[in-house]
Amino acid sequence: MSRGRSPSSEQESVLGGAESRIAVSILDPYHDRERSCSLPSDESSPSSPTLDLLQPYVSSYTCPPAQPYVQPDVVTDWSSPIFPQQSWQSECTAPTSAASPASVLSFQSDLSLYNPSSEPFTTPSPSPVVLPLFDPRCPDQPHSTLMMHFIQTYFDHYGQTFPCLAYDETVRQFFEQSLSPLVATGIAALAAWYSDLPEVLQRGAADVSGAYCAHAKALVSRGQLASLDTVHGLILLAWAEYKRSRMVDFCSHVRTAKHFSEQIGLASGALMQKALNDYERHMLHLTWGIVRQLVVMIDTWTI
């Protein structure tokens, strides 16, 4: 081997001889890339101008390490349900165990909006308390809670038929607790037929009117003083019995009303002369006119 010839050139000459063979080499791309990128380390070897110019860039360059492939975060999975975004999702927070009843009702009402088929949450309401017909503090009077309704109902349905009573005067006497028990009971007996109170509806209008009529008759049997209030009470009681088809009681109360009218001077007109003003005189004339009509009615019947 001669000096100055590289081993590679000698090998090439041998391979290029008579006994040359076809050389098949498998190139390693990665290894060849390293060989092509590597610089000669022999300082004694001559350096080319091209390598000198590239030396600053090559020395400062470092290959970044290979990063593993990361699958993107956004993956569409069509087999999973799609939930609404927070921007248009309804604000609905479930109540905690310490939630107040009001918040529970609010939460249940919100759920009914998203599930129309579900029935709304309802709390059982207590049944209304049915009051007694008579006042426990004053047993001869109808219950004070019901009485104002009875007064209004009476004047709505009977005010034109029996104008002997004035609405304002009756209400004033009720609040001043000076209303005659017989008049108050007669008003309640007639108003029960048109009342929508639970105390009347649950018992029945006929039974309520009958209870008030029975109590009014008990008041009469105790012995009533001859007065204008007694005449008014008997007129109301007589018509309440007429509504119940109790004709015998109706005629009896009409005759009693006539008797008291004669005693107080209503029939003779003496009481009208004692009236303080025209209004009282007018009301007395109306009262006597009603008694006369009822008397004429029973005189035409055969009992």
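For the reader, a short list of remarks on this structure follows.
- If you take all other residues with their beta carbon under 13 Å from the beta carbon of residue 291, and give Lys and Arg +1 and Asp and Glu -1, the sum is +1.
- Paramagnetic reach from residue 272 (point 7 Å along Cα→Cβ, amide N under 20 Å) across segment 241-260: 257-260
- Local electrostatic count, residue 145, Cβ distance below 10 Å [Lys/Arg +1, Asp/Glu -1]: -2
- Here segment 144-299 is assigned +1 on the Cβ of each Lys and Arg and -1 on the Cβ of each Asp and Glu. Its dipole about the Cα centre then comes out at about 440 debye.
- Legend: calculated FRET efficiency, residue 292 to residue 171, from the Cβ-Cβ distance at R0 = 25 Å, rounded to 0.05, equals 0.35.
- Peptides 274-280, 181-187, 156-162, 140-146, ordered by how many other C-beta atoms sit within 10 Å of their residues on average, highest first, read 181-187, 140-146, 156-162, 274-280.
- Cβ-defined net charge surrounding residue 268, 14 Å radius [Lys, Arg +1; Asp, Glu -1]: +2
- In a fully extended conformation the segment linking residue 152 and residue 300 would gain 50.0 nm over its present Cα-Cα distance, using 0.36 nm per residue.
No value in this document is a laboratory result; all are computed from the given coordinates. All of these numbers come straight from a predicted model, not from anything done at the bench. Every residue, glycine as well, gets a Cβ built from its backbone with ideal geometry; the counts of neighbours run over all protein chains shown.
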